[in-house]
Amino acid sequence: MRKINIEHWSRKEHFLNFIEFEDPFFTICVDVKVTNLKAFSKENQVSFFIASFYGVLKVVNQIEEFKYRIKGDEIIVHEKIRGGCTIMKPDKTFGFTCFDYHKNLSDFEKHAKEEIQIVKQGKPLDANIGEDDMIHTSILPWVSFNSIQHPRKLGAQDSIPKFGLGKVYQKGDEFYMPVSVSGHHALMDGLHASEFFQNYEKFCAEIQDQDNNKVYRK
């Protein structure tokens, strides 16, 4: 990791302003077209959840602002971000897991399947307390939401971006999935969230597995 020199940072004034807020997080929800991603998953027998989450993690690792974290009076930048998310257990409770980032979908899929099984087999609830080289993601495959609020400890030094993935729905010949992004306003703005959505929509439209040269474009 490396540190941001706040004194020479272009967002110094914004940081000093929003760091004083009791709840400095903002949230943006967008219905992302996933028609091609859904077709790719079906054609290649890849879990849609795994493929869609891989895309989130891939895009997050492309945008520096999603790697910023607040540590005391400093801002650090992680080199690589992992993907924390909720996994449903057989008893209808959930557990937390954290997927490592892999550049190729095939490698990520293998790793994700192993981690999911560990949770489903009874891994204790573990939110990776104290670790922040990750994103937090809630998976809501039952509802196509248009707003979302994540639980947070107000007053705690939390700067981890939070995501939500909802139920896929069909509109005409296209399929859409609601996606939410929550970011700490001292570290990022709506511009950076918009960059995420632009890159994620491109990923969903041009999904590919570089290892196996599998590409699906409509």
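The values are calculated or read from the model by the stated rules, or taken from the named source; none is laboratory data. Everything numeric in this text was worked out from a predicted model, so none of it was measured. Note that we place each Cβ from the backbone using ideal geometry, even for glycine, and neighbour counts take in every protein chain shown. Only protein heavy atoms, including side chains, enter the accessible area calculation; ligands, DNA and RNA are left aside. Shrake-Rupley method; radii C 1.70, N 1.55, O 1.52, S 1.80 Å.
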Among (1) out of contact with any His (no Cβ under 8 Å at 6 or more places or on another chain); (2) modelled with pLDDT under 95; (3) closer than 21 Å to Gly83 by Cβ, where does Phe49 come up short?
(2)
Condition met for Thr93 (of a type in the set (S, T, N, Q) and within 18 Å of Met188 (Cα to Cα)):
no
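Please determine whether any residue of region 46-59 is more than 21 Å from Val34 (Cβ to Cβ) and within 17 Å of the chain's Cα centre (by Cα). Break it down stepwise before answering.
So in region 46-59, the residues more than 21 Å from Val34 (Cβ to Cβ) come out as none.
No, region 46-59 contains no residue that is more than 21 Å from Val34 (Cβ to Cβ) and within 17 Å of the chain's Cα centre (by Cα).
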I'm trying to understand the selection: among the residues of region 52-104, which are touching a Ser or Thr at 6+ places or on another chain (Cβ under 9 Å), open to solvent by less than 10 Å² (accessible area, probe 1.4 Å) and over 26 Å from Leu125 (Cβ atoms)?
Ile75
Got a sec? Which of Gly130, Gly83 is of a type in the set (Gly, Ala, Ser) and modelled with pLDDT under 90?
Gly130
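So, in region 179-201, of the ones that are surrounded by 20 or more Cβ atoms within 10 Å (Cβ to Cβ) and of a type in the set (Ser, Thr, Tyr), which residue ends up farthest from Val32 (Cα to Cα)? I'd like the intermediate steps shown before the answer.
Kept after step one, since they are surrounded by 20 or more Cβ atoms within 10 Å (Cβ to Cβ), are these residues of region 179-201: 179-184, 186-188, 193, 196, 200.
Right, trim to of a type in the set (Ser, Thr, Tyr) and you get 180, 182, 200.
Working: Ser180: 10, Ser182: 16, Tyr200: 8 Å.
Ranking the candidates gives Ser182 first.
Got at least one residue in region 158-178 being assigned to a loop (DSSP other than H, G, I, E, B), open to solvent by 50 Å² or more (accessible area, probe 1.4 Å) and touching a Gly at 6+ places or on another chain (Cβ under 9 Å)?
First pass over region 158-178, keeping only residues assigned to a loop (DSSP other than H, G, I, E, B): 158-161, 166-168, 172-173.
Pick out the ones that are also open to solvent by 50 Å² or more (accessible area, probe 1.4 Å) and you get 167, 172-173.
Filter once more, so that each one left must be touching a Gly at 6+ places or on another chain (Cβ under 9 Å): none.
Within region 158-178, not a single residue is assigned to a loop (DSSP other than H, G, I, E, B), open to solvent by 50 Å² or more (accessible area, probe 1.4 Å) and touching a Gly at 6+ places or on another chain (Cβ under 9 Å).
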Kindly indicate whether any position in region 7-21 is in contact (Cβ under 8 Å) with a residue 24 or more places away in the chain, open to solvent by 30 Å² or more (accessible area, probe 1.4 Å) and within 19 Å of the chain's Cα centre (by Cα).
no
Using beta carbons and a limit of 7 Å, which pairs, at least six apart or on different chains, have the first residue in region 165-190 and closer than 17 Å to Pro24 by Cβ and the second one among the acidic types (Asp, Glu) and surrounded by 17 or more Cβ atoms within 10 Å (Cβ to Cβ)?
Leu187/Glu65; Met188/Glu65
Within region 112-129, is even one residue open to solvent by less than 60 Å² (accessible area, probe 1.4 Å), in contact (Cβ under 8 Å) with a residue 60 or more places away in the chain and more than 30 Å from Phe15 (Cβ to Cβ)?
yes
